[in-house]
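*Asks:* The structure under discussion is supplied below as structure tokens; questions concerning it will follow.
The values are calculated or read from the model by the stated rules, or taken from the named source; none is laboratory data. Computed from a prediction, not measured in an experiment: that's the story for all the values here. Reconstructed Cβ throughout: ideal geometry from the backbone, glycine too, with neighbour counts over all protein chains shown.
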């Protein structure tokens, strides 16, 4: 029987030889081959001070920690009474594919309104790919920086230059406002860069909406791959929450990254951790809904007794790695088979028992399969399938998951592919469902989940991730609202880039949250205007878009952001 303290993907990774695991885009995330160690997300109780033997613990908040541990010690570590549950990291992907006016910022930014707000006295935190701190948009009129703190998680600290990680962390380099200003004055070599420009563009939108907010920037660590992982994110949230709390300032936190791995119900350690962070100090967390709405990477179905269901998907050319997650209810009993493009069939063994890793070879593709069970924080069962090429590429063509019901109590099925960012555009379900396509962690309950709409024609952006149309609309509806996310011009004038995606819708809402907290907390109108209260006010001020009869709904939530209408009493 599998170790019930380990999540399914981690169990499969530990059962897979390292040379095979490195071919997977998912199973190797968090593993350092030279040291043979893992970075793991751990939920625990008590304290872990007695750990030795090369185990490093980074305590976070609310009983969460990041633990770096040799692979051969994970089993013994998990059996400690203090350890409640362990997850491996997952990769995070940027959500990329006329906003201020459409979102009603101008009545608040212009003094003639009588209610001038600028974000002064409120931090905005950008957790992203970094920032070009030399850009004039991030500097005051006297040339000094708007950035109070900048943590480059992936940079190796040079002690001779006075570089060191933030207090309580082991990696990266923290730069203060003083250090950044000294560098700007000397026009010296840049201390840190934003290679992709994604974080810089996100921050530019945020500071246009709240130009006097001070910034906390975290450049997420990508040292172990092209994309950051969820452990980088946990460190970033902890860092920002503690900074703002120590300096007694409210903070609006922006995240424009996500992934598709998980039950999408708030049950992962990452989602639960973020919900806990919302209760540390006075903050608002805004997360993009993702761009999976039209990517054909999700299938939703309903099984009936005595009816075989076949779920087909196309595998595009030149795929080097691929995975599928199948989520079902524990009460449902079924046989699950995999059919290759050439018609070979593999029946997953011991489906009812769960907790077993299996391997199969179909044509030129090796399958690594793990059938999970319900877990302490999750009611659903997962069947995880990793596709690894025997040589270079996976078999192209139509693959099918065949499901034969044996006893059905509920029958709901959900299948997810990896993010569209990392798969061929031709790799897709033949009959996809655009519902339930929010990326994780935008599915955390206490965050503000931001969808995208086209402000030019006032319509939903088809790429924007959708929530569950059948959820309790008033209490659990996601996304919370939508902001402009189509053809957004970055910066001032005609020379700026034009971008689309929920990545760029999210900072409009982050800036709006900063203005509301300035009005309430800084200006003394309502010292409790943060957290869920800000969310409620943004719901109330949102403008309904044409074409909908139900509010809130699974596409644009409570409507389009309108910050001036979200102020109390407006």
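*Asks:* Could you tell me whether segment 298-319 includes any residue that is within 25 Å of residue 231 (Cα to Cα), in a loop (DSSP other than H, G, I, E, B) and touching a strand residue (DSSP E or B) at 6+ places or on another chain (Cβ under 7 Å)?
*Replies:* no
*Asks:* While we're on this one: Any chance you could count how many residues in segment 320-350 are at pLDDT below 95, within 22 Å of residue 26 (Cα to Cα) and within 27 Å of the chain's Cα centre (by Cα)?
*Replies:* The qualifying residues number 2.
*Asks:* Pick out, from segment 451-570, the helices (runs of 4 or more DSSP H) lying fully within it that include 3 or more residues that are farther than 25 Å from residue 257 by Cβ.
*Replies:* Numbers: elements: 473-476, 502-517, 532-541.
In segment 451-570, the matching helices (runs of 4 or more DSSP H) lie at 473-476, 532-541.
*Asks:* Is it true that residue 416 is within 20 Å of the chain's Cα centre (by Cα) and under 20 Å from residue 481 (Cβ atoms)?
*Replies:* No: the conditions fail for residue 416.
*Asks:* With the requirement that a residue be surrounded by fewer than 20 Cβ atoms within 10 Å (Cβ to Cβ), outside any strand (DSSP E or B) and modelled with pLDDT of 90 or more, what does segment 23-37 give you?
*Replies:* 33, 34, 35, 36
*Asks:* Does residue 84 satisfy being touching a strand residue (DSSP E or B) at 6+ places or on another chain (Cβ under 6 Å), more than 28 Å from residue 219 (Cβ to Cβ) and in a strand (DSSP E or B)? So that I can check it myself, show each step before the final result.
*Replies:* On the way: touching a strand residue (DSSP E or B) at 6+ places or on another chain (Cβ under 6 Å): yes; more than 28 Å from residue 219 (Cβ to Cβ): yes; in a strand (DSSP E or B): yes.
Yes; evaluated as a whole, the condition is true for this residue.
*Asks:* Just to be sure, is residue 498 in the same structural domain as residue 124 (by TED's automatic domain parsing) and under 21 Å from the mean Cα position of the chain (by Cα)?
*Replies:* Considered against the rule, which asks whether it is in the same structural domain as residue 124 (by TED's automatic domain parsing) and under 21 Å from the mean Cα position of the chain (by Cα), residue 498 comes out as no.
*Asks:* May I pose another question? If residue 211 satisfies every condition in (1) in contact with a strand residue (DSSP E or B) (Cβ under 7 Å, 6 or more places away or on another chain); (2) outside any helix (DSSP H, G or I); (3) closer than 25 Å to residue 142 by Cβ but one, which is the exception?
*Replies:* Every listed condition holds for residue 211 apart from (1).
*Asks:* List the strands (runs of 3 or more DSSP E) inside segment 116-183, counting only whole elements, that have at least 3 residues being under 18 Å from residue 251 (Cα atoms) and in contact with a strand residue (DSSP E or B) (Cβ under 9 Å, 6 or more places away or on another chain).
*Replies:* Details: elements: 123-128, 147-152, 173-176.
Once the strands (runs of 3 or more DSSP E) in segment 116-183 are filtered for at least 3 residues that are under 18 Å from residue 251 (Cα atoms) and in contact with a strand residue (DSSP E or B) (Cβ under 9 Å, 6 or more places away or on another chain), what remains is 123-128, 147-152.
*Asks:* Are any residues in segment 250-265 crowded, with 21+ Cβ neighbours inside 10 Å, closer than 22 Å to residue 535 by Cβ and more than 12 Å from the chain's Cα centre (by Cα), and if so, which ones?
*Replies:* 250, 251, 252, 253
*Asks:* Every residue in segment 173-192 that is within 20 Å of residue 156 (Cβ to Cβ) and surrounded by fewer than 17 Cβ atoms within 10 Å (Cβ to Cβ), please.
*Replies:* Answer for segment 173-192, where residues must be within 20 Å of residue 156 (Cβ to Cβ) and surrounded by fewer than 17 Cβ atoms within 10 Å (Cβ to Cβ): 176, 188, 189, 190.
*Asks:* Which one of these is under 27 Å from the mean Cα position of the chain (by Cα), under 24 Å from residue 9 (Cα atoms) and at pLDDT below 95: 297, 372?
*Replies:* 372
*Asks:* Continuing with this model, one more query. For segment 265-292, what are the residues that are closer than 30 Å to residue 373 by Cα, assigned to a loop (DSSP other than H, G, I, E, B) and in contact with a helix residue (DSSP H, G or I) (Cβ under 9 Å, 6 or more places away or on another chain)?
*Replies:* Of everything in segment 265-292, those that are closer than 30 Å to residue 373 by Cα, assigned to a loop (DSSP other than H, G, I, E, B) and in contact with a helix residue (DSSP H, G or I) (Cβ under 9 Å, 6 or more places away or on another chain) turn out to be 265, 266, 268, 278, 289, 290, 291, 292.
*Asks:* Given the condition assigned by TED's automatic domain parsing to the domain that holds residue 457, out of contact with any helix residue (DSSP H, G or I) (no Cβ under 9 Å at 6 or more places or on another chain) and modelled with pLDDT under 90, answer yes or no: does some residue in segment 90-98 qualify?
*Replies:* Scanning segment 90-98, I find at least one residue that is assigned by TED's automatic domain parsing to the domain that holds residue 457, out of contact with any helix residue (DSSP H, G or I) (no Cβ under 9 Å at 6 or more places or on another chain) and modelled with pLDDT under 90, so the answer is yes.
*Asks:* Still on this structure, I have one more. Go through segment 435-450 and give me each residue that's buried (at least 20 other Cβ atoms within 10 Å of the Cβ) and under 17 Å from residue 297 (Cβ atoms). Give the steps one after another, and end with the answer.
*Replies:* So the first thing to find is which residues in segment 435-450 are buried (at least 20 other Cβ atoms within 10 Å of the Cβ), and the list is 436-444, 447-450.
Listed by number, the residues that qualify are 436, 437, 438, 439, 440, 442, 443.
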